[in-house]
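Notes for the one structure printed next.
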Amino acid sequence: MKYLVSSCLAGVACRYNGTASLDAKIQELVEQEQAKMVCPELLGGFSTPREPAYQTLEWAQKLDVTCVVLKEFSPSCGTQMIYDGNFANHKVVGEGVTSALLRQEGFTVISENEFMEQL
Ligand code: SF4
């Protein structure tokens with residue numbers, strides 16, 4: 001498996017407000033079975049943010065992915081900037097819990113914007 005991607009980028013309506021953030025190229029990767037989807041928030045249920053991040057890490061390791069493409073600005077998936085958590089559309093420099101853990105463990109983690117720039 002080449003990629004692990006944020007589920008919402010592949011069209012799954014798993015965001016906090018019940019919507020997706022569809023990116024057609026990411027969806028194509030999943031359809032072509034080049035990518036597996038993961039939503040750390042759905043994995044988490046009512047647990048702490050660290051736990052779903054570790055489950056996502058396990059998937060990345062099991063699938064031996066070469067690249068992880070995550071949704072920018074999410075407090076879990078953001079790679080460079082994240083929402084500050086006040087639901088007022090304010091963003092701060094920083095990475096989400098999942099991105100930070102995956103990077104710490106040696107995975108390449110990029111946003112959907114960086115992914116598009118690579119095409
Ligand atoms: Fe998308 Fe990640 Fe938020 Fe799940 S946790 S909805 S995959 S940005």
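The values are calculated or read from the model by the stated rules, or taken from the named source; none is laboratory data. All figures in this text were calculated on a predicted structure; none of them were measured in a lab. Backbone-built Cβ (ideal geometry, glycine too); neighbour counts: all protein chains shown. Surface areas here come from the heavy atoms of the whole protein model, side chains and all, with no ligands, DNA or RNA. Shrake-Rupley method; radii C 1.70, N 1.55, O 1.52, S 1.80 Å.
Of all residues in region 85-105, which are in a loop (DSSP other than H, G, I, E, B) and either open to solvent by 60 Å² or more (accessible area, probe 1.4 Å) or within 14 Å of the ligand (Cβ to nearest atom) (or both)?
Passing the criteria: G85, N86, F87, N89, H90, E95, G96, E105.
Looking only at residues in region 1-26 that are over 14 Å from E41 (Cβ atoms) and free of Cβ contacts under 8 Å to residues at least 24 places away in the same chain, which one is surrounded by the most Cβ atoms within 10 Å (Cβ to Cβ)?
Our first condition is that a residue be over 14 Å from E41 (Cβ atoms); within region 1-26, this holds for 1-5, 10-11, 22-26.
Adding the requirement that they be free of Cβ contacts under 8 Å to residues at least 24 places away in the same chain leaves 11, 22, 24.
Working: G11: 17, L22: 13, A24: 9.
So, considering only residues that are over 14 Å from E41 (Cβ atoms) and free of Cβ contacts under 8 Å to residues at least 24 places away in the same chain, the one surrounded by the most Cβ atoms within 10 Å (Cβ to Cβ) is G11.
Select from region 37-54 the residues that are within 12 Å of the ligand (Cβ to nearest atom), open to solvent by 30 Å² or more (accessible area, probe 1.4 Å) and either modelled with pLDDT of 95 or more or outside any loop (DSSP other than H, G, I, E, B) (or both) and list them in ascending order.
Keep residues of region 37-54 that are within 12 Å of the ligand (Cβ to nearest atom), which gives 37-44, 49, 52-53.
Checking the rest, the ones that are also open to solvent by 30 Å² or more (accessible area, probe 1.4 Å) come to 37, 41-43, 49.
Residues satisfying the conditions are M37, E41, L42, L43.
With the structure loaded, tell me whether I110 is closer than 17 Å to M1 by Cβ, in contact (Cβ under 8 Å) with a residue 60 or more places away in the chain and either within 15 Å of the chain's Cα centre (by Cα) or open to solvent by 30 Å² or more (accessible area, probe 1.4 Å) (or both) or whether it fails that test.
no
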